[in-house]
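Here's the structure we're looking at; comments come further down.
The values are calculated or read from the model by the stated rules, or taken from the named source; none is laboratory data. Just so it is clear, the model here is predicted, and its values are computed rather than measured. Positions of Cβ are backbone-derived with ideal geometry, glycine not excepted, and every protein chain shown enters the neighbour counts.
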Amino acid sequence: MGGEPDIDTAEELGTQLVRLQRIRDRKLAQLSAESGGVEGAAFVCLFRLVRDGPMRSSELAALVNSDPSTVSRQVAQLVDHGHVERVRDEKDGRAYVLAATESGRNVAFRLHRKRTAHLALVLEDWSYEDRVSLVELMDRFLTDYERVKPGGN
């Protein structure tokens, strides 16, 4: 399956990824405006807490592929808006973990439903086979993207 890199395809893919990132950035800015000033990117942290349960800030930073200072700032916004709280770690009473509140779970559920409905509209004219293929290829691409380090394996 390997072989020589296809530079032309890689170039076009890079262009499309930049396009996707710009669209995502606009959506996150819109989300921030709609949510009373919480950075759109902060909701990535909220979704992980809802999905994976309470965890330490350092663990959350690793899961969202971000640096601890950025996650700390984003979590502070979520705390200020009542979506996340700091609670004592049951395993180590001296430490605190971050946990989604009922408000946070409600917001995450609402945003998830909205995103899913939007994506369904985007794909509504696609065949079933094309939709399945997109998901499979996206998963394969992202798995390989995370695996391959800059400059080679």
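Flag not set for GLU124, criterion: surrounded by 12 or more Cβ atoms within 10 Å (Cβ to Cβ), at pLDDT 95 or above and acidic (Asp, Glu).
Scanning region 77-107 for residues being assigned to a helix (DSSP H, G or I) and either within 15 Å of VAL44 (Cβ to Cβ) or within 16 Å of the chain's Cα centre (by Cα) (or both) gives a total of 5.
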